[in-house]
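Read the figures in this text as sums done on the coordinates, not as results from a lab. On a predicted model such as this, the values are computed, not experimentally measured, just so you know. Please note: Cβ atoms are built from the backbone with ideal geometry, for glycine as well, and neighbour counts cover all protein chains shown.
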Amino acid sequence: QVQLVESGGGLVQPGGSLRLSCAASGIVFSNYAMNWYRQAPGKERELVAGITNRDNTIYADSVKGRFATSRDNAKDTVYLQMNSLIPEDTAVYYCNARLLSASHWGQGTQVTVSS
């Protein structure tokens, strides 16, 4: 059974930082591309960042220079370091594992940026 478990969300002030983690089980983690999506209230889910199985990364324009994703294949875990957070970053953040036609999702973790 595939499980993706996100952690690290919470309430942070504007300008602050958070580090999200996503621990995977039930998959050969090193083969998968790992992605971070977010969904704000009333908005569609959007891709925030992704990292391939070869450590190539992509970022949404809105987070470039502020967010960084990385992976630790020994721990079957992917990370999203979020710096210089702004209220517009408030959303539920989801971890996604993708390999060819297979796509698995975590349950999401809430990130709220507010003073």
| So, how do all the Cα-to-Cα distances of the chain break down into 10 Å bins, in percent, from 0 on up? | 15, 51, 29, 6, 0
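Determine, from the Cβ-Cβ distance of Thr57 and Ser7 and an R0 of 30 Å, the FRET efficiency 1/(1 + (r/R0)^6), rounded to the nearest 0.05. Provide the component values of the computation, followed by the final result.
On the way: r = 21 Å, r/R0 = 0.69.
It comes to 0.90.
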| note | Dividing the mean separation of Cα pairs under 8 Å (6+ apart) by the residue count of the chain yields a relative contact order in percent of 36
| message | Please report, in whole Å³, the volume per residue of the convex hull around the C-alpha atoms of the stretch 49-103. | response | 102
